[in-house]
Amino acid sequence: MDEQYTDPAGPASGGLDPRAGLSEFLRTRRARLKPEDVGLPDFGRHRRVPGLRREELAQLAGVSVAYYTRLEQGNGRNVSAEVLDSIARALRLTDAERAHLTHLAKPKRHRRKQAPRTQQTRAALRQLLDSMDTVPAYVVGRRSEILAWNRMAAALFGDWGRMPAQERNWARLVFLNPDYRELFVEWDQKASDMVAYLRMDAGCHPDDPQLSALVGELSVKSEQFRRLWAAHDVKEKSHGVKRVRHPLVGELTLLWESFRPAGETEQSLVTYFAEPGSPSAEALRLLASWGADARRPEADAATP
């Protein structure tokens, strides 16, 4: 079971600890900036570490070096929103990174641990998925868990209904299932995005034992995951373009959009579609006619 996957010496250790997360996040964001990036002179002196020095970052943020040092050591207690905003500006953080910084510096603590609860998708949302008979769509929740999907998603990505519930998880599929390495043409980008989403989730829910177990398992089983997790990149699901390599209809170029259903803060509806009249649109039409059988080895490849 998940609980056996722990790596005390690896990147997952303390990975869900806000203090350790805050420290490493600030270090990695500072390391990616050069003096010339932020308008500071670079006199060519030897730098022991990549990126800006702490004193340079403190100068840009308008705080003392001692204050910033304490923050980078993981002590975000009593830090004000104004100071965090100044540091975020100095580090040139994205909106997602700003939110992540706030979550790490000011983590929400539960008075007592809550028993893990099964995520549920509203019946109306499931009905909406079923009505989208030409659009691959699914609902993803916390920890990248796949909660619901329609027949077109099964045709494109695989019949998740045939998998154990625990395996219906995008992170596990991307890093541990060889079929999905073949499915995504730009697998490296998909993997990077997946870890960035999990990092964002970890910042919001540092005391989630199931997420900690998932990170531990993936850290033990996947070198690529360990490397990406250590980068501390974060990202929100939004929209983009994805290229997939389907075993029956070949390569498709699909646009995707992610939406937050009304009243849902931890679930996203993700849809895929193709440009009208494109070869990918025709491929989706064929997949719609095959349904879930399109991902089974015994599927008939003849056009109906």
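The values are calculated or read from the model by the stated rules, or taken from the named source; none is laboratory data. Computed from a prediction, not measured in an experiment: that's the story for all the values here. Cβ: placed from backbone, ideal geometry, glycine included. Neighbour counts: every protein chain shown. Protein only, heavy atoms only, side chains kept; ligands, DNA and RNA dropped before computing areas. Shrake-Rupley method; radii C 1.70, N 1.55, O 1.52, S 1.80 Å.
Of GLY74, GLY21, which residue is of a type in the set (Gly, Ala, Ser), assigned to a loop (DSSP other than H, G, I, E, B) and at pLDDT 80 or above? Write out each step before concluding.
Numbers: GLY21 fails: assigned to a loop (DSSP other than H, G, I, E, B).
Selected residue: GLY74, the only one of GLY74, GLY21 that is of a type in the set (Gly, Ala, Ser), assigned to a loop (DSSP other than H, G, I, E, B) and at pLDDT 80 or above.
Conditions first: (1) assigned to a helix (DSSP H, G or I); (2) farther than 16 Å from ASN169 by Cα; (3) touching a residue at least 40 places away in the same chain (Cβ under 8 Å); (4) open to solvent by 10 Å² or more (accessible area, probe 1.4 Å). SER192 passes all but one, so which condition is the exception?
Evaluating SER192 over (1) assigned to a helix (DSSP H, G or I); (2) farther than 16 Å from ASN169 by Cα; (3) touching a residue at least 40 places away in the same chain (Cβ under 8 Å); (4) open to solvent by 10 Å² or more (accessible area, probe 1.4 Å) leaves (2) as the failure.
At pLDDT below 80, in a loop (DSSP other than H, G, I, E, B), acidic (Asp, Glu) and surrounded by 12 or more Cβ atoms within 10 Å (Cβ to Cβ), is that true of ASP7?
Working: at pLDDT below 80: yes; in a loop (DSSP other than H, G, I, E, B): yes; acidic (Asp, Glu): yes; surrounded by 12 or more Cβ atoms within 10 Å (Cβ to Cβ): yes.
Yes.
Hey, could you check the range 182-202 for residues that are within 20 Å of HIS246 (Cβ to Cβ) and of a type in the set (Phe, Trp, Tyr) and say which is nearest to the chain's Cα centre (by Cα)?
Filtering the range 182-202 for residues that are within 20 Å of HIS246 (Cβ to Cβ) and of a type in the set (Phe, Trp, Tyr), the one nearest to the chain's Cα centre (by Cα) comes out as TRP187.
Every residue in the range 53-71 that is in contact (Cβ under 8 Å) with a residue 24 or more places away in the chain, of a type in the set (Gly, Ala, Ser) and in a loop (DSSP other than H, G, I, E, B), please. Don't jump to the end; show me each part of the working.
Step one: list which residues in the range 53-71 are in contact (Cβ under 8 Å) with a residue 24 or more places away in the chain, which gives 54, 57, 60-63, 71.
After this cut, where a residue has to be of a type in the set (Gly, Ala, Ser) as well, the list is 61-62.
Within the range 53-71, GLY62 is the sole residue that qualifies.
Identify, from the list ASP208, ASP179, the residue that is under 27 Å from HIS100 (Cα atoms), of a type outside the set (A, V, I, L, M) and more than 15 Å from the chain's Cα centre (by Cα). If you could, list the steps in order and put the result at the bottom.
Numbers: ASP179 fails: under 27 Å from HIS100 (Cα atoms).
So the residue among ASP208, ASP179 that is under 27 Å from HIS100 (Cα atoms), of a type outside the set (A, V, I, L, M) and more than 15 Å from the chain's Cα centre (by Cα) is ASP208.
Counting just the residues of the range 162-187 that are touching a residue at least 40 places away in the same chain (Cβ under 8 Å) and closer than 26 Å to SER289 by Cβ, which one comes out surrounded by the most Cβ atoms within 10 Å (Cβ to Cβ)?
LEU183
Out of (1) open to solvent by less than 20 Å² (accessible area, probe 1.4 Å); (2) closer than 18 Å to LEU173 by Cβ; (3) touching a Gly at 6+ places or on another chain (Cβ under 7 Å), what's the single condition that is false for ARG226?
Failed condition: (1).
Scan the range 127-137 residue by residue and report those that are under 19 Å from ALA283 (Cα atoms) and either open to solvent by 10 Å² or more (accessible area, probe 1.4 Å) or of a type in the set (Phe, Trp, Tyr) (or both). Reasoning before the result, please.
Within the range 127-137, the first condition is being under 19 Å from ALA283 (Cα atoms), and the residues that meet it are 132-137.
Passing the criteria: MET132, ASP133, THR134, VAL135.
For the range 238-267, which positions are open to solvent by less than 70 Å² (accessible area, probe 1.4 Å) and within 26 Å of HIS205 (Cβ to Cβ)?
In the first step, residues of the range 238-267 are kept if they are open to solvent by less than 70 Å² (accessible area, probe 1.4 Å); the result is 238, 240, 242, 244, 246, 248-250, 252-258, 261, 264, 266-267.
Within the range 238-267, SER238, GLY240, TRP256, GLU257, SER258, PRO261, GLU264, GLU266, GLN267 qualify.
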